[in-house]
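Step one of this worksheet: look at the structure below.
The values are calculated or read from the model by the stated rules, or taken from the named source; none is laboratory data. Just so it is clear, the structure is predicted and the values come from calculations on it, not from any experiment. When we count neighbours, we look across all protein chains shown, and the Cβ atoms used for this are built from the backbone with ideal geometry, even at glycine. Just the protein is used for accessible areas: all its heavy atoms, side chains included, with ligands, DNA and RNA removed. Shrake-Rupley method; radii C 1.70, N 1.55, O 1.52, S 1.80 Å.
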Amino acid sequence: MPANGPRLFRFTGWLLWLAAALSACAPKNTLPPEPPQSVRSGDDAFRYKQYATAIDAYRSYINQSEPGAYTARALYKTALAQFRLGQYRATLATLDDLAQRYPKGHWVQVEALRGDAERALGNTLGALQDWEKAWKLANDKD
């Protein structure tokens with residue numbers, strides 16, 4: 001064995017120990033929790049264009065749960081289902097609820113949907129203002 005063998009072995013051991021210690025300190029990427037049954041039911045109903053059923057399922061989650069990882073999504077999907085049913089005032093009310101619960105949240109899809117609902121109600125100026133907000137929030141992927 002060469003004279004540098006034991007030193008090289010110790011150096012490699014320290015290097016492996018350091019790598020293990022640093023990886024233990026690194027933040028873990030965790031997946032969000034599995035959606036609750038009511039959210040999954042809402043998603044299934046929405047997928048099959050059963051919008052009234054989807055709204056009921058999402059509302060069940062929103063009303064019976066503490067705000068969680070799926071609250072904003074359930075509110076948005078509720079508003080989108082209401083829009084698809086032609087319930088434009090209800091759409092805006094749900095989006096207002098979303099904005100009230102998440103005052104720092106600004107989402108392109110939310111502002112665009114708000115603009116679509118405003119246009120459907122004949123409020124052209126409000127629609128243009130909301131679509132402009134959406135445009136400003138948008139990035140290349142949007």
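Checked against (1) at pLDDT below 95; (2) not in a loop (DSSP other than H, G, I, E, B); (3) not basic (K, R), L113 passes all but condition (1).
Filter the range 35-70 down to the residues that are hydroxyl-bearing (S, T, Y), surrounded by 16 or more Cβ atoms within 10 Å (Cβ to Cβ) and part of a loop (DSSP other than H, G, I, E, B) and list them by number. Walk me through how you get there before you give the answer.
Kept after step one, since they are hydroxyl-bearing (S, T, Y), are these residues of the range 35-70: 38, 41, 48, 51, 53, 58, 60-61, 65, 70.
Now drop any that are not surrounded by 16 or more Cβ atoms within 10 Å (Cβ to Cβ), which leaves 38, 41, 51, 53, 58, 60-61, 70.
The answer is Y70, and nothing else.
Within the range 71-83, the residues that satisfy the criterion of being open to solvent by 30 Å² or more (accessible area, probe 1.4 Å) and farther than 11 Å from A120 by Cβ are R73, Y76, K77.
Can you find a residue in the range 63-73 that is touching a Leu at 6+ places or on another chain (Cβ under 6 Å) and within 26 Å of R40 (Cβ to Cβ)? Write out each step before concluding.
In the first step, residues of the range 63-73 are kept if they are touching a Leu at 6+ places or on another chain (Cβ under 6 Å); the result is none.
Checked the range 63-73: no residue is touching a Leu at 6+ places or on another chain (Cβ under 6 Å) and within 26 Å of R40 (Cβ to Cβ).
Here the range 84-100 is the region considered, the condition is being of a type outside the set (A, V, I, L, M) and open to solvent by less than 20 Å² (accessible area, probe 1.4 Å), and the residue that is farthest from the chain's Cα centre (by Cα) is T91.
Just for the range 101-142: of the residues that are in contact (Cβ under 8 Å) with a residue 24 or more places away in the chain and aromatic (F, W, Y), which one is least open to solvent (accessible area, probe 1.4 Å)? By that ranking, first place goes to Y102.
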